[in-house]
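All remarks here apply to the structure that follows.
Read-outs throughout are calculated quantities, based only on the coordinates presented, and are distinct from any laboratory measurement. For clarity, every value in this text was computed on a predicted model and none was experimentally measured. Using ideal geometry, Cβ is built from the backbone for each residue, glycine included, and neighbour counts are taken over all protein chains shown.
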């Protein structure tokens with residue numbers, strides 16, 4: 001009895017109500033809520049006091065006022081536009097870095113991650129060095145390195161590196177085309193693990209023909225078809241200028257061919273998939289669909305070349321200030337056609353326009369211009385993040401138990417089927433959650449753009465705040481912008497993740 | 001169409017031949033001068049202490065491990081670095097693992113139909129029909145559309161057996177198929193294996209189940225330190241009257 005008495009709760013000083021776990025938890029919740037309210041209230045008071053002292057109340061009306069500052073990388077924006085337009089420029093510039101950056105870093109990361117597991121010593125060691133150097137140095141330093149070392153070392157714009165070099169070169173086009181056909185034929189008809197002897201023969205004869213034709217074509221016949229090369233890309237200290245492809249008047253009709261090509265390719269792909277399911281006969285459906293699609297695109301291009309054209313075109317001669325009638329071909333070669341005329345009368349659905357500098361040789365007039373700031377922030381983020389993604393991919397692949405590989409081999413699955421059907425689905429399950437984290441890191445690190453004066457959302461908002469004094473509104477807007485981007489990435493990654501979850505008990 | 005090269009008829013010639021086979025893991029000599037012949041439809045049980053090389057031996061037969069010296073001929077095809085030979089041997093050889101090694105991201109049905117469709121190029125209908133027949137044979141047809149993670153150990157191992165059988169192999173290799181199972185599940189797996197042996201499958205079984213060896217085996221092999229120490233029919237092997245090699249006797253004394 002005495003033992004029982006000793007452990008009786010009634011001996012405690014506190015009444016029973018305050019020893020009830022549920023009530024204790026409730027009290028803790030209430031105390032916490034009170035602290036939160038006090039802190040928030042204090043914050044509110046401080047913000048209000050600060051704003052009153054500067055005579056500014058937070059509002060969104062000021063966004064309609066004239067911005068009055070210029071922005072680089074801003075398209076058609078000018079200083080006469082409103083604050084909200086500047087803000088939009090910043091948001092789009094951030095998206096340009098984040099979306100293209102995510103795509104690029106994923107591709108590079110997966111490649112390097114696979115290289116980390118390569119049986120090739122050199123490849124493995126180099127990719128290991130890549131990962132260790134890049135993930136163990138600050139990303140800001142890397143962005144500066146791209147900006148001040150890699151890009152500043154490029155030649156000035158007047159001496160820009162051009163690719164390809166301008167000029168007329170002879171190419172053995174016929175031999176190339178013939179070789180391509182033979183290689184495609186070999187590819188189509190001689191594959192497979194257990195190919196019969198005649199297929200091996202076909203492959204060897206085919207390779208011999210390709211080698212002979214090219215040797216003959218280049219060494220003995222010598223000259224090929226003269227092709228005029230125009231520079232497609234300029235690289236200089238002012239960034240990169242890339243050619244433009246402008247849709248001509250034929251573009252719409254050509255797109256019909258392209259769309260039909262896509263539809264036919266998809267239908268074939270599904271049809272052959274169905275045939276494989278129901279007969280078991282293996283068919284390279286992706287390959288066939290791809291070839292059919294390319295066929296339609298080229299066919300469209302050829303058909304467009306047969307359009308009726310006027311025999312003469314009126315060309316404006318600048319020197320003599322007269323409009324001169326010229327035969328069709330001469331008009332195109334004269335270089336005096338306006339861009340509108342070219343687009344109207346051409347036989348091609350897309351017109352190639354090399355990047356060109358204006359008369360002062362300063363600014364890129366035609367073509368797509370990529371600024372050094374964009375290059376620095378883009379390369380810095382992509383390369384830095386790819387090192388982390390490479391490690392995630394490597395770990396994910398290695399996380400697939402060895403027994404899975406053994407079971408696949410014991411069943412006789414080919415190396416490709418094993419990777420595609422057994423290893424990859426299980427590796428993705430491990431890879432996707434940390435990959436999502438890296439995606440979020442990249443999108444948030446894009447605010448480092450301010451270091452190389454790239455006009456991303458953070459930099460633009462910073463300028464807006466400095467000029468308008470609307471710090472609270474500005475900060476709220478920039479926070480919301482990053483939040484929207486991050487939540488979108490999270491949403492997509494969560495949906496993808498759901499697909500790869502394992503079903504267990 | 002599948003064209004298997006030389007087909008060996010049952011009862012004619014050995015379906016597996018190992019001659020003077022040696023294997024090392026680094027400096028460790030795992031298999032020493034193994035010479036072994038297995039006839040079609042024979043059930044061969046391999047016993048021995050852990051580390052004696054019995055798992056490695058059967059893993060060499062479908063090239064999950066590479067032997068460094070000697071010859072292995074399976075179903076008339078010599079195992080070498082020739083990838084086509086390896087692929088062909090693996091098509092004719094089913095394997096069941098201690099840890100089941102089912103594909104956790106695929107349903108039971110997909111686990112079973114995967115290899116017949118991808119390797120044997122069967123139509124889906126045919127592969128699924130075959131899978132259902134096999135699931136009925138291992139007595140779990142109702143589990144066909146569940147995932148491996150939803151099954152008990154014994155059920156998973158029976159699915160693994162069905163998966164190996166779906167390829168219609170000539171030889172089945174069992175690598176300690178019951179060692180990872182609870183006692184009451186061991187029986188359900190052994191029953192499936194006994195039934196398989198009765199249908200005339202060539203089986204190589206590494207196991208510690210002496211009851212199974214006594215009941216089903218045509219021949220028992222005792223391995224130690226990478227050598228085949230002793231072999232014989234089970235009635236001799238487990239008879240108290242026979243004089244064994246001292247190492248065999250020591251092992252038998254411990255487990256019986």
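What FRET efficiency comes out for the pair residue A:242/residue A:399, r = Cβ-Cβ distance, R0 = 60 Å, nearest 0.05? Walk me through the numbers before you get to the answer.
Details: r = 40 Å, r/R0 = 0.67.
In this case the efficiency is close to 0.90.
Taking chain A as the reference, fit the longest principal axis to its C-alpha atoms, fit the long axis of helix A:173-189 to the helix C-alpha atoms, and give the angle between the two in degrees, 0 to 90, nearest 10.
The two axes meet at around 60 degrees.
Add -39500 (n - 2.57) for each DSSP H run of 4 or more in chain A, then divide by its residues: what number comes out at 222 nm, to the nearest 500 deg cm²/dmol? Mind showing how you got there, number by number?
Working: 16 runs with 290 residues, N = 505.
Helix contribution divided over all residues of chain A: -19500 deg cm²/dmol.
Does the protein assembly as shown come out rounded, prolate or oblate, given a ≥ b ≥ c as the square roots of the eigenvalues of its C-alpha gyration tensor, rounded meaning a/c under 1.5 and, failing that, prolate meaning a/b above b/c? Could you put the intermediate results ahead of the total?
Numbers: a/c = 2.72, a/b = 1.38, b/c = 1.97.
Oblate is the answer for the protein assembly as shown, as a/c is 1.5 or above yet b/c matches or exceeds a/b.
Order these peptides, A:492-501, B:135-144, by their mean beta-carbon neighbour count within 10 angstrom, highest first. It would help to have the intermediate numbers written out before the result.
Numbers: A:492-501: 12.6, B:135-144: 17.2.
Top to bottom by mean Cβ count within 10 Å: B:135-144, A:492-501.
What is the gain in length, in nm to one decimal, between residue B:81 and residue B:124 on full extension, counting 0.36 nm per residue of separation less the C-alpha to C-alpha distance?
Full-extension gain reported as 12.3 nm.
Can you tell me the FRET efficiency between residue A:480 and residue A:365 if r is taken as the Cβ-Cβ distance and R0 is 30 Å, rounded to the nearest 0.05?
Working: r = 37 Å, r/R0 = 1.23.
Computed FRET efficiency for residue A:480 and residue A:365: 0.20.
If I stretch the segment between residue A:19 and residue A:174 completely, what's the gain in nm (0.36 nm per residue apart, minus their alpha carbon distance), one decimal?
Values: separation 155, 0.36 × 155 = 55.80 nm, distance 9.23 nm.
Gain on extension, residue A:19 to residue A:174, equals 46.6 nm.
Counting alpha carbon pairs within less than 8 Å and at least 6 residues apart, what relative contact order, in whole percent, applies to the range A:205-342? Intermediate values should be presented prior to the final figure.
Details: 93 pairs, mean separation 20.7, N = 138.
Answer for the range A:205-342 is 15 percent.
Could you tell me the center-to-center distance, by alpha carbons, between the range A:36-96 and the range A:328-349 in angstrom?
48 Å
What do you get for the angle between helix A:471-499 and the principal long axis of chain A? Use alpha-carbon atoms, 0 to 90 degrees, nearest ten.
80 degrees
Could you give log10 I(q)/I(0) at q = 0.17 Å⁻¹ for the range B:26-149, computed by the Debye formula over C-alpha point scatterers of equal weight, without solvent?
Here the Debye-derived log intensity ratios amount to -1.07.
What is the angle, in °, between the Cα long axis of helix A:83-115 and the longest principal axis of the Cα atoms in chain A? Nearest 10 is fine, range 0 to 90.
Tilt relative to chain A: about 80 degrees.
Just want the ordering: B:24, B:122, from fewest to most Cβ atoms lying within 10 Å of their own Cβ. Provide the component values of the computation, followed by the final result.
Working: B:24 14, B:122 22.
Ordered by Cβ neighbours within 10 Å, fewest first: B:24, B:122.
Return a whole-number percent for the relative contact order of chain A, with Cα pairs under 8 Å and 6 or more residues apart as the contact set.
In percent, rounded to a whole number, it is 21.
Given the protein assembly as shown, what percent of its DSSP beta bridges are antiparallel, to the nearest 5?
On the way: 47 of 64 bridges.
Around 75 percent of the beta bridges assigned by DSSP in the protein assembly as shown are antiparallel ones.
So what is the relative contact order of chain B, in percent, for Cα pairs below 8 Å that sit 6 or more residues apart?
On the way: 455 pairs, mean separation 63.5, N = 256.
Computed over chain B, the figure is 25 percent.
Could you give the C-alpha radius of gyration of the range B:98-167 expressed as a fraction of 2.2 N^0.38 Å, taking N as the number of residues it contains? Walk me through the intermediate numbers first.
Details: Rg = 10.7 Å, N = 70, 2.2 N^0.38 = 11.1 Å.
Relative to the 2.2 N^0.38 Å estimate, the range B:98-167 comes out at 0.97.
Work out how much length residue A:152 to residue A:66 would gain on full extension: take 0.36 nm times their residue separation and subtract the Cα-Cα distance, in nm to one decimal. Numbers along the way, then the final one.
On the way: separation 86, 0.36 × 86 = 30.96 nm, distance 3.46 nm.
Full extension from residue A:152 to residue A:66 adds 27.5 nm.
Using r as the Cβ-Cβ distance of residue A:100 and residue A:339, and R0 as 35 Å, what FRET efficiency do you calculate, to the nearest 0.05? List each step's numbers first, then the result.
Working: r = 28 Å, r/R0 = 0.80.
After rounding, the FRET efficiency stands at 0.80.
For residue A:211 paired with residue B:37, estimate the spin-label separation in nm (one decimal), with each label point 7 Å from Cα along the Cα-to-Cβ line.
About 4.7 nm separates the two model spin labels.
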